[in-house]
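What follows is a set of notes on a single structure, which appears directly below.
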Amino acid sequence: MSLVSVVGYILRTIWVLWCNMVCIPCYLAWLVLLSPTYLVSPWLYNELEQVFFSWTLSIVSCWCWSAGYQLAESGASLDHLQHHRLLILPNHQSTADVPLLMTIFTARIGFCNKVMWIMDRVFKFTNFGAISWMHDDFFIRSGKGGRLTTLVELKDHLNNVFLPKNRRYLVLFPEGGFLHKRKAISHQFAKKKDLPMLEHCTLPRTGALDVIMDVLGPGRHKEGHQIEKIVDMTVAFPSGHPLDLQSIVTGWREPCVTHVHYREFDCKDLPDSTEDFFSWMVKLYQEKEEMLDKYYKTGEFPYQMFDRDALPPKVISHDPLRFLLIHLFFIVSSYMFYTILMSIAGHFSVST
């Protein structure tokens, strides 16, 4: 490892830390400054919050883009699907999954504004957790003790937040955790229930899915407020070696292309009963396993495995100028808020 490389890793890490120390406080400060808007027009306040939210996600996307960690989309067209209300179901392998999903969503202006993430409650206590909390994402309690309570809270959250705020996309990781943490438990459950043993993904959990379909499924609300399609998202890292957050922060891993494959399913065609829906999900993850296994063995992504008309892989592009302008916005914002705080502090010091 050369000295130049080490210096590069250190500089990237400093830049990422700077982004966290500047962008997150600025996001929160803007929401406080604009809070009177909520009294006049809650809709306008929520729209502004969503714009600031998307800009903070763009900063994270810039980390992935600048390190050369590219994403190649295949299968169904997310550009066409974004005109529907979607339930997006990615497989979960590492800490890099969320930043890579942010990279996908921010490539489409206005997409991530309308996303509601459903994630583990632990994420709430991370640096980005404050932003997710202000954006009204939902945090799931892990463990058997909090499972029933969480499902009730999720139902309330969908009715009281997702629908009133006119969110359009839900992101849920059905596996309930990282592959390396969940695989042993998944194998135990598979043996007990005589289900397929999966190596590259784990058996899905459907408790939260059942709640979502019960609240937002076909016929549950008037037209335009229902989840119309499920998008199965298969994330396949090169050679089956996932990136991680440390790689994205430092850029120490070599630039690579991660495949992301989409399959769409109309919610009206899904099974109605809980048991049949679980069987359908297991079959879906069996097919996901086949796709990943073939890719890892051959090195060629089998994007036409289940659909001969699937779109071939295409690398996502981002606009560097947009990244630059968003960085400038946060730099100017931080200077503005710093000046305001110093002015207030100076006023109080003079008064005393």
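Observations
- Total lysine pairs whose alpha carbons fall under 23 Å of each other in the stretch 112-234 (8 or more apart, or interchain): 26
- Whole-angstrom gap from the stretch 1-45 to the stretch 296-341, using each part's C-alpha centre: 16 Å
- What a 1.4 Å probe finds exposed on the chain is 61% carbon and sulfur by accessible area, rounded to a whole percent.
- Average accessible surface area per residue within the stretch 1-136, 1.4 Å rolling probe, Å²: 41 Å²
- Neighbourhood charge, 14 Å Cβ-Cβ cut-off, centred on residue 245 and excluding it, Lys, Arg +1 and Asp, Glu -1: 0
- With the simple spin-label model, which puts each label point 7 Å out from Cα in the Cβ direction, the residue 305 to residue 328 separation comes to 4.5 nm.
- Rolling a 1.4 Å probe over the protein heavy atoms gives the stretch 176-226 an accessible area of 55 Å² per residue.
- Interchain or long-range residues, amide H under 5 Å from residue 85's placed H: 228, 229
- In order along the stretch 185-198, the phi-based Karplus estimate (6.51 cos²θ - 1.76 cosθ + 1.60, θ = phi - 60°) of 3J(HN,Hα) comes to 5, 4, 5, 4, 5, 5, 5, 5, 9, 6, 10, x, 8, 9 Hz; Gly and Pro are listed as x.
- Cβ charges +1 (Lys, Arg) and -1 (Asp, Glu), total dipole of the stretch 32-162, debye: 340 debye
- Longest exposed-site-free window of the chain, the sites being GluC sites (Glu not before Pro) in a DSSP loop that have at most 11 other C-beta atoms within 10 Å: 1-222
- Those aspartates and glutamates that a straight Cα-Cα span of less than 19 Å connects to residue 297, excepting residues fewer than 8 apart in one chain: 199, 287, 289
- In the chain, helices alone account for a calculated mean residue ellipticity at 222 nm of -17000 deg cm²/dmol, with every DSSP H run of four or more residues adding -39,500 (n - 2.57).
- Restricting the stretch 254-313 to trypsin sites (Lys or Arg not before Pro) that sit in a DSSP loop and have at most 13 other Cβ atoms within 10 Å of their own Cβ leaves 308.
- Efficiency of FRET from Cβ geometry, residue 148 and residue 252, R₀ 35 Å, rounded to 0.05: 0.25
- Take every pair of alpha-carbon atoms less than 8 Å apart whose residues are at least six positions apart; their mean separation over the length of the stretch 1-145 yields a relative contact order of 25 percent.
- Highest-MSF residue in the chain out of 81, 203, 325 [GNM, Cα springs under 10 Å]: 325
- Structure-derived log10 I(q)/I(0) by the Debye sum over Cα atoms at q = 0.12, 0.15 Å⁻¹: which label, when the choices are (1) -0.94, -1.44; (2) -0.89, -1.22; (3) -1.14, -1.48: (1)
- Of 40, 332, 260, the residue with the greatest mean-square motion in the GNM of the chain, using alpha carbon springs below 10 Å, is 40.
- Restricting the stretch 135-239 to trypsin sites (Lys or Arg not before Pro) that sit in a DSSP loop and have at most 10 other Cβ atoms within 10 Å of their own Cβ leaves 222.
- Each part gets one Cα centre, and for the stretch 204-258 versus the stretch 142-194 those centres are 12 Å apart.
The values are calculated or read from the model by the stated rules, or taken from the named source; none is laboratory data. Computed from a predicted structure; not experimentally measured. Note: ideal-geometry Cβ built from the backbone for every residue, glycine included; neighbour counts use all protein chains shown. In case anyone asks, the SASA skips ligands and DNA or RNA and just uses the protein heavy atoms, side chains included. Shrake-Rupley method; radii C 1.70, N 1.55, O 1.52, S 1.80 Å.
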